[in-house]
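What follows draws every value from the coordinates through simple rules; no lab data is involved. Since this is a predicted model, take the numbers as computed values, not measurements. As a convention, Cβ positions derive from the backbone with ideal geometry for all residues, glycine included, and neighbour counts pool all protein chains shown.
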């Protein structure tokens, strides 16, 4: 009986781990305080700080928005998905790199 009990505990742990892996819900991001409509006509997408130029200052602004240190701005939603996230930093970096060539 002792061997069976010693085997049952590790098996139970394996079953619980497998069950938690298969039952993990897929999380879809929902708009939060960082929600922002796509940049309106005349706005430069990626120009998060509104100075008329897309540069590394805009990546810093988006990071501050994501950390809820600053309010969202229309140009901060660089990928146009309606939410300001760290993904917008990547888009801004790509805009900057493409402008340098």
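Being under 13 Å from residue 46 (Cα atoms), under 12 Å from the mean Cα position of the chain (by Cα) and surrounded by fewer than 20 Cβ atoms within 10 Å (Cβ to Cβ) is the filter here, so list the residues in region 58-81 that pass it. Once the filter is applied, which keeps residues that are under 13 Å from residue 46 (Cα atoms), under 12 Å from the mean Cα position of the chain (by Cα) and surrounded by fewer than 20 Cβ atoms within 10 Å (Cβ to Cβ), region 58-81 yields 63, 79, 81.
Among the residues making up region 45-78, those that are more than 14 Å from residue 96 (Cα to Cα) and in a loop (DSSP other than H, G, I, E, B) are 49, 50, 51, 67, 68, 69, 70, 71, 72, 73, 77.
Are there any pairs, at least 6 apart or on different chains, whose C-beta atoms fall under 8 Å, with the first in region 45-67 and in contact (Cβ under 8 Å) with a residue 24 or more places away in the chain and at positive phi and the second in a helix (DSSP H, G or I) and surrounded by fewer than 23 Cβ atoms within 10 Å (Cβ to Cβ), and if so, which? Matching pairs, first to second residue: 46/91; 46/95. Each residue in region 82-92 was checked for being in contact with a helix residue (DSSP H, G or I) (Cβ under 7 Å, 6 or more places away or on another chain), more than 14 Å from residue 47 (Cβ to Cβ) and not in a loop (DSSP other than H, G, I, E, B), and 1 pass.
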